[in-house]
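Trainee: Take this structure first; my questions come after.
Computed from the coordinates by the stated procedures, all read-outs in this text should not be read as laboratory data. Being a predicted model, the structure only gives us computed values, none of them experimental. Here the Cβ positions follow ideal geometry from the backbone for every residue, glycine too, while neighbour counts run over all protein chains shown.
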Amino acid sequence: MGKRTLVTGERNGLSIVIRHPEGNVASNPTLASLVETLTGAGYSVHISSWFPPSPVGNAPTVTYAQTNRLLSYIKSIIFDRVCSRFLAKILLRVELLLKGGSFDLCIGIDRNGLIEAALISEILGIPYCFISFEITVERETSKKYKDIERVCARGVSFWVVQDEQRGELLQAENKLDPQRVFYLPLSSPAVSGVGDRRIRDELGIPAEKKVALIFGSLSEWTLAAQVINGVRAWPREWVLLIHERYGNTHASLAAQGIDIDDLLSDRIYLSNVEMNNVNDMGPLLNGASATLAFYRPTYKSPHTGINLKVLGLAAGKISTSLRYGVPVIMNEIGTYSELARINQFGVVVERPACLPNALSNLDDKDRLSLQAKEFFLERLDYNLYKSALLEKIAGAIEHEDTASLA
């Protein structure tokens, strides 16, 4: 019997489970877009996480489930410390018996999502795929930590990573089949406009001021503290707007040891506006003259070492800025800094201390903005990859269907 090609209508009734322990789907450009793509194509989607989920839209075909705190804690011990595939499978089997559910495909996100997806695939007899956003390596973890991940990676129908550079690293670390890779930059679909709302106006930033924006994580590796401490030396026409990814700007700065009360009230503005979906960042980017995107590996955890050094096209704040035509000032971060020089959608500096000169010379914003938008549309736009990704997903399900009939 030949393979059956799925058209949109035939996907109704097919169900996909996404195992994403972190749960922050709405703040991830690719995942937020993928969920909307799947529901638009007729699939029902079930998202399972260890932590409170962030819902994407209000589609009735998307459901969410959070593992209770005790079970999540037990999972973290078995997955990350004991690294026992046998115990993990017992745990997943019990969980599935208690919660039930029938699925046609399982998508695992990052290491622990991959482990869950592989074991669910065995238990339920369904195909699975793997989407990577964070790469851990053996030299920063351990052989035991990586071995369970490698075993679980063997049977993936296909795996997704942002670009060739990160793909080579992930393939080598997880022993993945390079013939099954799908490259998908961390990015959202193109937008037709940004609307009239501007958070800068709501915060009282004078109309004549130019805004340099920091948004997303404010962790140590972003060099946010260095940027803030250098604002006094900026040109007077420039101000800094800071927005933490979940709207917890004050708390995040305090956690970094930054004295909020000591900030320059007329030069630094803080946004605590809650934004539920990374694809709806227009009000924040609207009115910004530049985004600041600094990355420096700290090597203090498996996610802030080589994972940041080999950043590739996995910088969501950069793709989001370019999506809205906002040029980016960045440090030497590999792929994106090389592309910025070639395509002239931003400026590359050595460190935050170089910002006063960079901001003074950022006098052709319209040209940079146009080139930022053009680069996004030609290389990063999620819509460029959407159809091929759907074909991969449908192909994985069809292959399992035909294999079961053989």
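Trainee: Under a crude label model (7 Å from the Cα following the beta-carbon direction), how far is Leu270 from Glu164 in nanometres?
Mentor: Modelled inter-label distance: 4.5 nm.
Trainee: So which DSSP H runs in the chain come out at 18 Å plus along the axis (Cα) with average Kyte-Doolittle of at least -0.5? Display every interim value, and only then the final one.
Mentor: Values: long enough: 85-99 (21 Å, 1.05); 110-124 (20 Å, 0.59); 383-405 (34 Å, -0.05).
TM-like helix candidates: 85-99, 110-124, 383-405.
Trainee: With r as the distance between the Cβ atoms of Ser192 and Glu237 and R0 = 35 Å, compute the FRET efficiency 1/(1 + (r/R0)^6) and round to 0.05.
Mentor: Values: r = 30 Å, r/R0 = 0.87.
Computed FRET efficiency for Glu237 and Ser192: 0.70.
Trainee: Ok, one more. Sequence neighbours fewer than 8 away in the same chain don't count; with that in mind, list the aspartates and glutamates whose C-alpha is under 15 Å from Lys365.
Mentor: Excluding near neighbours in sequence, the set is Glu208, Glu237, Glu374.
Trainee: Moving on. List the relative contact order of the range 189-244 as a percent without decimals, with contacts defined as Cα pairs under 8 Å and 6+ residues apart.
Mentor: Dividing the mean separation by the residue count of the range 189-244 yields 45 percent.
Trainee: Given the options Gly100, Gly312, Gly247, which has the most mean-square fluctuation in a GNM of the chain, springs set between C-alpha atoms less than 10 angstrom apart?
Mentor: Judging by the Gaussian network model, the answer is Gly100.
Trainee: For the range 290-307, in order, what is each residue's ³J(HN,Hα) by Karplus, 6.51 cos²θ - 1.76 cosθ + 1.60 with θ = phi - 60°, in whole Hz (x at glycine and Pro)?
Mentor: 7, 10, 9, 10, 10, 9, 9, x, 9, 6, 8, 8, x, 9, 10, x, 4, 4
Trainee: Give the long-range amide H neighbours of Val328: residues separated by 5 or more places, or on another chain, with amide H under 5 Å away, using H modelled in the peptide plane at 1.01 Å from N.
Mentor: Sorted by chain and number, the residues that satisfy this are Thr291, Gly346, Val347.
Trainee: Once the other residues with Cβ under 9 Å from the Cβ of Leu253 are scored (Lys, Arg +1; Asp, Glu -1), what is the net sum?
Mentor: Values: positive: none; negative: Glu244, Asp259.
Summing Lys and Arg as +1 and Asp and Glu as -1 gives -2.
Trainee: Excluding Trp221 itself, what net charge comes from residues whose Cβ is under 12 Å from its Cβ, given Lys and Arg +1 and Asp and Glu -1? Could you put the intermediate results ahead of the total?
Mentor: On the way: positive: Arg296, Lys300, Lys309; negative: Glu220.
Cβ neighbours under 12 Å give a net charge of +2.
Trainee: The list (i) 58, 45, 30; (ii) 70, 44, 36; (iii) 117, 55, 43 gives values of Cα extents along the principal axes in Å, and only one came from this structure; which label was calculated from it?
Mentor: Answer by label: (ii).
Trainee: Related question: Applying a 10 Å radius around every beta-carbon, put 316-328, 251-263 in order of their mean neighbour count, most first. Show your work: numbers first, answer last.
Mentor: On the way: 316-328: 26.2, 251-263: 13.0.
Packing order, densest peptide first, comes out as 316-328, 251-263.
Trainee: What is the range 25-86 by shape, rounded, prolate or oblate, if you read a ≥ b ≥ c off the alpha carbon gyration tensor as root eigenvalues and call it rounded for a/c under 1.5, prolate for a/b larger than b/c, and oblate otherwise? Don't skip to the answer; put the middle values down first.
Mentor: Values: a/c = 2.53, a/b = 2.34, b/c = 1.08.
Note, shape of the range 25-86 comes out prolate.
Trainee: Once amide H atoms are placed 1.01 Å from N in the peptide plane, what residues at a sequence separation of 5 or more from Tyr269, or on another chain, have their amide H within under 5 Å of its amide H?
Mentor: Correct list: Leu240, Leu241, Ile242.
Trainee: Per residue of the range 355-364, in order, report the coupling 6.51 cos²θ - 1.76 cosθ + 1.60 (Karplus, θ = phi - 60°) as ³J(HN,Hα) in whole Hz, putting x for Gly and Pro.
Mentor: Taking θ as phi minus 60°, the curve returns 5, x, 5, 5, 5, 4, 9, 7, 9, 10 Hz for the range 355-364.
Trainee: Can I ask one more? Taking a ≥ b ≥ c as the square roots of the eigenvalues of the Cα gyration tensor of the range 167-306, is the shape rounded (a/c under 1.5), prolate (a/b larger than b/c) or oblate?
Mentor: Because a/c hits 1.5 or more and a/b fails to exceed b/c, the range 167-306 counts as oblate.
Trainee: Report the net charge of residues surrounding His46, where surrounding means a beta-carbon distance below 12 angstrom and charges are Lys +1, Arg +1, Asp -1, Glu -1.
Mentor: Working: positive: Arg19, Lys99; negative: Asp104.
With Lys, Arg at +1 and Asp, Glu at -1, the neighbours total +1.
Trainee: Show me the ranking of peptides 391-399, 201-209 by mean Cβ neighbours inside 10 Å, starting with the highest.
Mentor: Details: 391-399: 18.6, 201-209: 12.1.
Ranked by mean Cβ neighbours within 10 Å, highest first: 391-399, 201-209.
Trainee: Right, another one. Given an 8 Å cut-off on Cα distances and at least 6 residues of separation, report the relative contact order of the chain as a percent. Intermediate results must be reported in sequence, preceding the final value.
Mentor: Details: 740 pairs, mean separation 65.9, N = 406.
Answer for the chain is 16 percent.
Trainee: Hey, another quick one. With an 8 Å cut-off on Cα pairs and a minimum separation of 6 or more residues, tell me the relative contact order of the range 298-357 in percent.
Mentor: 26
Trainee: So how far apart, in nm, are the two label points at Asp259 and Glu220 if each is 7 Å from Cα heading toward Cβ?
Mentor: So the label points at Asp259 and Glu220 sit 2.1 nm apart.
Trainee: Next up: May I ask you to list the lysines whose Cα is less than 17 Å away from that of Lys144, ignoring any residue fewer than eight positions away on the same chain?
Mentor: Within reach: Lys75, Lys89, Lys175.
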